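S.K.: Shown below is the structure under consideration.
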Amino acid sequence: MDREKARGSHGKRLTRDELQSIVSFCVCFQHQSQNRQLHTQCKPTARHTLDLRKRFCSCVRAAVLGVFVLIPFGFFVLLQAPSIDWESFFHGVEIPDAGVEGGPQLIMQDEDYFKQLASIFTDPNPRLTSSLADTGKPPADPLVYKPTTELTLDKEFDAEDAKALRSYLRYTTAASYVSVLPGDDFGAVMLPMFTDLYGLKERPARWKKCYGSTKGAMGGHLSQLYIKHFFPEANKETATEMLNNIRDQFRSNLETVPWMDESTRPKAIHKLDEMVFEVAYPSEWPEWCEITGLKEDTFFENYRKVEKCRFSKEKKRVREPVKRRAWTAAGSTDVNAYYSQKVNGLFIPAAVLQEPFFDAKYPSARNAGGLGAVLGHEMTHGFDDEGRQYDAKGMRHEWWDSKTVKNFDDRAQCINDQFSSYTLDGKPVSGKLTLGEDIADSGGLKMSFLAWKKGKERTPEEERLFFLSFAQTWCGIERTKAADTGLFDAHAPRKWRVIGTLSDSEGFSKAYQCKPGSTMNRGPKSCTLW
Ligand SMILES: [Zn+2]
């Protein structure tokens with residue numbers, strides 16, 4: 001359900017509770033470091049930290065909307081982000097020859113993110129953003145950060161800037177370790193924010209923490225145990241068969257889609273045929289980290305050892321050939337699925353092959369509307385507004401005819417406009433931000449529906465069950481504040497994922513006999529891309 005990008009929680013709206021959490025965090029720090037200053041002395045630093053955090057968040061928002069750029073790193077660094085000390089950075093992460101002639105060439109994933117990040121390092125002084133901080137509200141267009149004062153690249157970096165930045169970095173580093181820090185102090189200070197956002201009444205039970213940290217540290221081992229003890233192998237076979245049927249359907253669609261020219265068409269079909277499927281668990285289990293010296297009573301130190309081991313393994317990959325079938329950190333126990341543009345691969349963890357998405361006892365309509373639509377969704381990511389830019393091997397370049405690109409964009413714009421017309425609690429959904437997911441939802445629904453129907457007599461009841469199952473996949477409730485943060489998510493709010501996608505679907509309006517122009521049948525206004 002996710003494309004490989006930073007998004008979601010990082011881009012969430014900031015609240016006063018977060019400020020309170022930062023203040024309390026700061027107090028905790030001073031307490032732990034024996035430097036007992038007063039709460040009031042901590043507050044200005046916390047305010048600055050919050051300001052900076054807002055600016056960092058707005059960078060991430062820009063990144064969500066940005067495009068991938070393939071440029072040699074050194075070239076980019078000089079041009080776009082000169083204020084970041086890249087040399088120190090690459091020495092710090094022990095890849096000193098990155099961007100240097102003959103060294104490994106790295107891919108710059110998002111130009112805008114680094115540009116904005118560089119401006120913070122040039123001038124992190126929160127005075128510039130005070131009007132934003134005081135209102136506590138996100139900028140008018142939540143996706144674009146506009147500084148209230150022009151930022152200049154030649155401003156001298158003064159002591160106050162350095163202090164604010166240090167404070168911010170201290171806070172974010174500590175906050176990232178909150179679940180593994182000893183004692184209850186640090187975790188407790190975050191609770192008010194989670195209560196406000198998610199209605200959490202108390203800190204999660206200890207077993208959940210133990211499970212989460214074991215999964216984080218040894219996800220591969222945990223996946224193997226899960227597969228061995230709980231996963232029916234037949235589910236893998238069924239899911240693979242569903243995937244192959246959906247791919248056949250997608251191929252038929254590519255063969256006939258009227259807006260694609262005859263030079264692009266065979267290349268697009270080739271990309272689909274080259275797509276790698278990894279279902280349930282890795283076809284080849286990776287080598288694990290060799291972690292030594294773990295002790296029963298030093299949780300935090302154990303965690304750091306695992307982190308270090310993982311980092312050195314990741315670092316090695318910089319110089320190794322790409323393994324198209326290698327899974328990301330996500331293992332078989334994740335209830336999720338993802339498509340990777342860079343390897344043209346589809347990864348379906350075992351844990352998603354269960355209720356409510358799939359069950360061997362369910363009627364086929366229910367499995368096709370649930371899991372089938374998810375599989376089709378992931379496959380369509382290979383051909384959404386971003387995915388289409390990558391070729392069969394995951395290289396990004398323009399391999400489509402320009403007229404076909406224009407036809408694609410026109411149809412994508414229809415979906416963009418449709419979702420931009422929706423609101424959540426009076427706030428607009430950004431159809432531009434959610435475009436790739438909306439394209440994937442509608443393509444996935446259609447391909448799964450047609451694949452399930454192919455060569456079979458399906459009754460109207462079965463067809464209605466198919467669409468009901470799709471809708472139930474996204475059914476859920478959220479607190480208003482948590483839902484608000486969802487407006488920064490690349491997925492449309494759940495309600496609109498269901499209504500938006502189904503009201504464009506010809507199959508749905510036939511099955512439920514919705515009249516053209518009614519809420520659930522947009523009729524001539526319907527958008528169809530794939
Ligand atoms: Zn998705």
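A short reminder: the numbers here are calculations on the coordinates, not readings from a lab. These numbers come from a predicted model, not from an experiment. Note that we place each Cβ from the backbone using ideal geometry, even for glycine, and neighbour counts take in every protein chain shown.
S.K.: Scan around residue 424 for amide H atoms under 5 Å from its own, H built in the peptide plane at 1.01 Å from N, and keep only partners 5 or more places away or cross-chain.
M.R.: Amide H neighbours of residue 424, under 5 Å, 5+ apart: 429.
S.K.: With equal scatterers on the alpha carbons only and no solvent term, can you work out the Debye log10 of I(q)/I(0) for the stretch 490-530 at 0.29 1/Å?
M.R.: Once normalised to I(0) and log-transformed, intensities are -0.99.
S.K.: Residue 355 to residue 178: extension gain in nm, 0.36 nm per residue of separation minus the Cα-Cα distance?
M.R.: Separation in residues times 0.36 nm, less the Cα-Cα distance, equals 60.5 nm.
S.K.: If we sort 213-226, 339-352 on the protection proxy, mean other Cβ atoms within 10 Å, highest first, what's the order?
M.R.: 339-352, 213-226
S.K.: Given R₀ = 25 Å, FRET efficiency for residue 255-residue 457 by Cβ-Cβ distance, to 0.05?
M.R.: It comes out at approximately 0.55.
S.K.: Still on this model: At most 12 other Cβ atoms within 10 Å and a DSSP loop assignment: could you name the GluC sites (Glu not before Pro) in the stretch 426-488 that fit?
M.R.: 457
S.K.: I'd like the Karplus ³J(HN,Hα) series for the stretch 445-453: coefficients 6.51, -1.76, 1.60, θ = phi - 60°, whole numbers in Hz, and an x wherever there's a Gly or Pro.
M.R.: Calculated HN-Hα couplings, in order: 4, 5, 5, 5, 4, 5, 5, 5, 7 Hz.
S.K.: With a Förster radius of 41 Å, plug the Cβ-Cβ distance of residue 269 and residue 213 into 1/(1 + (r/R0)^6) and report the FRET value to the nearest 0.05.
M.R.: Efficiency, from the Cβ-Cβ distance: 0.35.
S.K.: What ranking do 397, 381 get, fewest neighbouring Cβ atoms within 10 angstrom at the top?
M.R.: The order, fewest Cβ neighbours first, is 397, 381.
S.K.: Subtracting the Cα-Cα distance from 0.36 nm times the residue separation, let me have the gained length for residue 228 to residue 206 in nm, one decimal.
M.R.: Result for the pair: 5.4 nm of gain on full extension.
S.K.: Moving on. Please report the spacing between the Cα centers of the stretch 464-530 and the stretch 242-282 in Å, no decimals.
M.R.: 25
S.K.: Once R0 is set to 56 Å, what does the formula 1/(1 + (r/R0)^6) return for the Cβ-Cβ distance between residue 166 and residue 414, expressed as a FRET efficiency to the nearest 0.05? Show your work: numbers first, answer last.
M.R.: Working: r = 48 Å, r/R0 = 0.87.
So the FRET efficiency works out to roughly 0.70.
S.K.: Still on this structure: Give me 395, 275 sorted ascending by neighbouring Cβ count inside 10 Å, so fewest comes first. Mind dumping the intermediate values first?
M.R.: On the way: 395 13, 275 18.
The most exposed by this proxy come first: 395, 275.
S.K.: Could you give the nm distance between label points at residue 237 and residue 480, where each point is 7 Å from its Cα heading toward the beta carbon?
M.R.: Rounded to a tenth, the inter-label distance reads 5.3 nm.
S.K.: Right, something else. Given a cut-off of 31 Å, name the pairs among 209/315; 236/295; 361/456; 201/446 whose C-alpha atoms lie farther apart than that in the structure shown.
M.R.: Distance filter (> 31 Å) returns 236/295; 201/446.
S.K.: Which order do 307, 296, 355 fall in if you start with the one that has the fewest other Cβ atoms within 10 Å?
M.R.: Fewest-to-most Cβ neighbours within 10 Å comes out as 296, 355, 307.
S.K.: Would you mind calculating the gained length between residue 318 and residue 284 on full extension (0.36 nm times residue separation, minus the Cα-Cα distance), in nm to one decimal?
M.R.: So the extension gain works out to 10.3 nm.
S.K.: At 7 Å along the Cα-to-beta-carbon direction for both residue 396 and residue 248, put a label point, then send me their distance in nm to one decimal.
M.R.: The modelled label-to-label distance comes out at 3.5 nm.
S.K.: Amide H to amide H under 5 Å from residue 345: which residues, 5+ apart in sequence or cross-chain, H placed 1.01 Å off N in plane?
M.R.: 276, 340
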